[in-house]
Amino acid sequence: MRHILLYVLLVLSVSFGLSSCRESTTRKDGSPKVASIQLDSTSAHIGTFPKSASTRTTVFTFTNVGDAPLEFLDHDVSCGCVSATFPEKPVKPGKKGEIHVTFKGKNKNPGKVYYKVYVETNGDPRILTLRINGQMTEN
């Protein structure tokens, strides 16, 4: 019985110790902390380029202007020829980060390039729309 009591006390003390190390999720006024993303731009021109060199990558830079860590939850693209990569770890308040968007036009016909990437975050705004545009020529 004494061992069980000691075990319970040990578990409780460790639990309280860990919870005091966590970052608070509320502000002093009691309202919840929220991540907020501020993008330098939501659109990028990837230029005029030949189909023979049709892989183009652009970078969207952002800042977490909120007071909670910013996480990227999911994304969707308007074409399989577009891919996006995001920071894997949460971006702390006040820190900058990058979203890399790549267009691969190998199997596409020459012409105007206009695609969207939809990004879901835990912050404000919850859904972002990033746009890329350009012109792919025959050669």
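The values are calculated or read from the model by the stated rules, or taken from the named source; none is laboratory data. As the structure is a prediction and not an experimental result, all values here were calculated from the model. Here Cβ is always computed from backbone atoms with ideal geometry, including for glycine, and neighbour counts include all displayed protein chains. What goes into the accessible areas is simple: the full protein's heavy atoms, side chains included, and nothing from ligands, DNA or RNA. Shrake-Rupley method; radii C 1.70, N 1.55, O 1.52, S 1.80 Å.
Here the condition is being in contact with a Gly (Cβ under 9 Å, 6 or more places away or on another chain), of a type in the set (S, T, Y), surrounded by fewer than 17 Cβ atoms within 10 Å (Cβ to Cβ) and in a strand (DSSP E or B); of T48, T57, it holds for T48 alone. When residues in the range 112-137 are screened for being surrounded by fewer than 15 Cβ atoms within 10 Å (Cβ to Cβ) and of a type in the set (S, T, Y), 4 of them pass.
Between P93, P87, the distinction of being assigned to a loop (DSSP other than H, G, I, E, B), over 12 Å from A35 (Cα atoms) and modelled with pLDDT of 95 or more belongs to P87 only. Quick check: anything in the range 76-84 open to solvent by 60 Å² or more (accessible area, probe 1.4 Å) and among the hydrophobic types (A, V, I, L, M, F, W, C)? No, that holds for no residue. Here N109 clears all of (1) open to solvent by less than 80 Å² (accessible area, probe 1.4 Å); (2) not in a strand (DSSP E or B) except the condition numbered (1).
When we screen G66, G80 for residues that are out of contact with any strand residue (DSSP E or B) (no Cβ under 8 Å at 6 or more places or on another chain) and at negative phi, the only hit is G80. Scanning the range 27-45 for residues that are part of a strand (DSSP E or B) and either in contact with an Asp or Glu (Cβ under 8 Å, 6 or more places away or on another chain) or hydrophobic (A, V, I, L, M, F, W, C) (or both) yields S36, I37, L39, A44.
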